[in-house]
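Read through the structure below, which is laid out as structure tokens, and then see the notes.
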Amino acid sequence: MNMPATSILAPALLRAYEETHYCVNAATPDQAEFVLRVNEVSKSLAAMHKKYGVDCSAYLTACNPWSESLPDSENALRQANLLQTLRVRSLRWLDGVGQHPGNQWPGESSQLILGLSLAAAKVLAQDFEQNAFVWSGADAKPQLVVLR
């Protein structure tokens, strides 16, 4: 886990982030959906990096800023703003849903943003008021990056 020296986040929240299944939707009919898990190498992610000629990616959402639940309509607007930001920056992404396998927190619409550096991902996640996001380098091993 990549986190500040002192995090203000509760250990249970950090654990929930680590346990979440970060699902990535199929980009084309010949691709299967896949799930990213923190600290587990993903062959599917490595293949996606190779297919798109990138060596890193970030998985993030604009939903529920600072992990405070918002109504669906507000989350939809936040996600639309994130997608517009990605379009303006000419970034490529795949849609997904982050969902904890056991708790009652609803799944969050998310994007796997291909080729987004760690530094750029931190700025983007902070712009959308996120506590953390998942980032993967060339090793295709997703890591939790905690911002607060």
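The values are calculated or read from the model by the stated rules, or taken from the named source; none is laboratory data. These numbers were taken from a predicted model, which means no experiment stands behind them. Please note: Cβ atoms are built from the backbone with ideal geometry, for glycine as well, and neighbour counts cover all protein chains shown.
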Review point. Could you say which residue among Gln130, Gln104, Gln79, Gln111 is within 19 Å of His21 (Cβ to Cβ) and modelled with pLDDT under 95?
Key: Gln104
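Give the residue that is modelled with the lowest pLDDT, with candidates limited to residues of the stretch 1-26 that are over 15 Å from the mean Cα position of the chain (by Cα) and hydrophobic (A, V, I, L, M, F, W, C). Step through it out loud before you land on a result.
We begin by selecting, within the stretch 1-26, every residue over 15 Å from the mean Cα position of the chain (by Cα); these are 3-13, 15, 26.
From what's left, hydrophobic (A, V, I, L, M, F, W, C): 3, 5, 8-10, 12-13, 26.
Working: Met3: 58, Ala5: 61, Ile8: 84, Leu9: 86, Ala10: 85, Ala12: 88, Leu13: 89, Ala26: 74.
It comes out as Met3.
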Check your understanding: Within the stretch 54-71, how many residues are surrounded by fewer than 18 Cβ atoms within 10 Å (Cβ to Cβ), touching a residue at least 40 places away in the same chain (Cβ under 8 Å) and in a loop (DSSP other than H, G, I, E, B)?
Key -> 2
Check your understanding: Of the residues Ala80, Ala132, which single one is surrounded by 14 or more Cβ atoms within 10 Å (Cβ to Cβ) and either closer than 30 Å to Thr6 by Cα or not hydroxyl-bearing (Ser, Thr, Tyr) (or both)?
Key -> Ala132
Check your understanding: Do we have Leu94 as under 22 Å from Glu19 (Cα atoms), in contact (Cβ under 8 Å) with a residue 60 or more places away in the chain and either under 14 Å from the mean Cα position of the chain (by Cα) or not in a loop (DSSP other than H, G, I, E, B) (or both) here?
Key -> yes
